[in-house]
Amino acid sequence: MKRLALVLIITLMASGLAFAESAGEIIDSSGIKGGLVVHLGCGDGKLTAELRVNDSYIVQGLDTDAKKIDKARKNIQSLGIYGNVSADTFDGVHLPYIDNIVNLVVAENLGEVSMDEVMRVLCPNGAALVKQAGQWMKTVKPRPKGIDDWTHFLHGANGNAVAEDSVVGSPFHAQWVSGPKFTKSHSVVTAVNVMVSADGRMFSIVDEGPTVITKPRITKYPAVTMDIFPTIVEILGLPESVLLKPYDGMIAADKKLFISMVDGSIVCLEGKQ
């Protein structure tokens, strides 16, 4: 029954996009503003490279033909963007990614890759653009209703630190690795003192000042935002002289971060993605 409901949701969210031909049009029509883009059947890699329309995207092309991948890599390397754009072989059936990690899948021909496999690797709210009968068909993976937000230091405005999440469970693998690699001594306020989330976006304030104890204490507070199903990561600038209220001075709402300052003022930060 659950599988049938999911299929119905996906079918209702699929739409034809006959106008999307260039890489820019494909990205625009997908509605995806950044993250990991996978190009199935990348061939010579020209479209693969073009799909990285700006620095918010990481693109990987996949093909079963090793000769095509070799050509694609040479094309990408000639543009000086290999790394942020890459190409690799795969078995033609299984996509080489963990669950819920890809933001956009682009394929003129899925070959033997099933839509179930595409949906497995797509993150919630991620999209697949697959060409069928000469037009691009867009399918969006819905976000599970059981995922809760943690908008305040103690979950919500009522201070009851209990989530209403029915999806969370024991981890099976690392979803991502994030900095800072080294943080301040435990003798002072921790480098990451709170993390909040809302509308699929996670926020934290990270002290990137020196990790040694200094007198006076040296701090550097950029705000970091990332998708809960990333790969979008942004650094939002804060004033250098900012004095934050520790722990309970942050609230997330509508993909914005509201920060309470010691002087009573409120700062609102909003990501571009």
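The values are calculated or read from the model by the stated rules, or taken from the named source; none is laboratory data. In this text, all values refer to a predicted model and were calculated from it rather than measured experimentally. Backbone-built Cβ (ideal geometry, glycine too); neighbour counts: all protein chains shown.
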Candidates G31, G35, filtered to the one that is under 26 Å from F229 (Cβ atoms) and surrounded by fewer than 17 Cβ atoms within 10 Å (Cβ to Cβ): G31
Every pair of residues 6+ apart whose Cβ atoms lie under 7 Å, when the first sits in region 136-151 and is touching a residue at least 24 places away in the same chain (Cβ under 8 Å) and closer than 17 Å to V118 by Cβ while the second is in a loop (DSSP other than H, G, I, E, B) and not aromatic (F, W, Y): W136/A20; M137/A14; K138/A14; T139/A14; R143/G200
Scope region 121-178; condition among the aliphatic types (A, V, I, L, M) and closer than 27 Å to E21 by Cβ; matching residues: V121, L122, A127, A128, L129, V130, A133, M137, V140
Residue list for region 118-160, filter: farther than 22 Å from M226 by Cβ, over 19 Å from the mean Cα position of the chain (by Cα) and not basic (K, R): V130, Q132, A133, G134, Q135, W136, M137, A157, N158, G159, N160
Selection from region 49-85 of residues that are of a type outside the set (V, I, T) and closer than 20 Å to G111 by Cβ: L51, Q60, G61, L62, D63, D65, A66, K67, K68, D70, K71, A72
Any hit, region 202-209, residues being in contact with a Ser or Thr (Cβ under 9 Å, 6 or more places away or on another chain), modelled with pLDDT of 75 or more, within 30 Å of S29 (Cα to Cα) and not assigned by TED's automatic domain parsing to the domain that holds S29: yes
Exclusive hit being touching a strand residue (DSSP E or B) at 6+ places or on another chain (Cβ under 6 Å), under 30 Å from K46 (Cα atoms) and in a loop (DSSP other than H, G, I, E, B), set N109, N100: N100
Which listed residue, of A20, A49, is modelled with pLDDT under 95, buried (at least 19 other Cβ atoms within 10 Å of the Cβ) and in contact with a helix residue (DSSP H, G or I) (Cβ under 8 Å, 6 or more places away or on another chain): A20
Residue pairs meeting the criteria (Cβ under 7 Å; at least 6 apart or on separate chains; first in the same structural domain as Y97 (by TED's automatic domain parsing), in region 110-134; second part of a strand (DSSP E or B) and surrounded by fewer than 16 Cβ atoms within 10 Å (Cβ to Cβ)): V130/M137
Total residues in region 120-179, condition basic (K, R) and either at pLDDT below 90 or part of a loop (DSSP other than H, G, I, E, B) (or both): 3
Residue identified as touching a Cys at 6+ places or on another chain (Cβ under 7 Å), closer than 23 Å to I32 by Cα and small (G, A, S) among A87, A107: A87
Residues (under 11 Å from V59 (Cα atoms) and either loosely packed, with under 13 Cβ neighbours inside 10 Å or among the basic types (K, R) (or both)) located in region 79-96: G83
Any chance A157 is crowded, with 18+ Cβ neighbours inside 10 Å and aliphatic (A, V, I, L, M): no
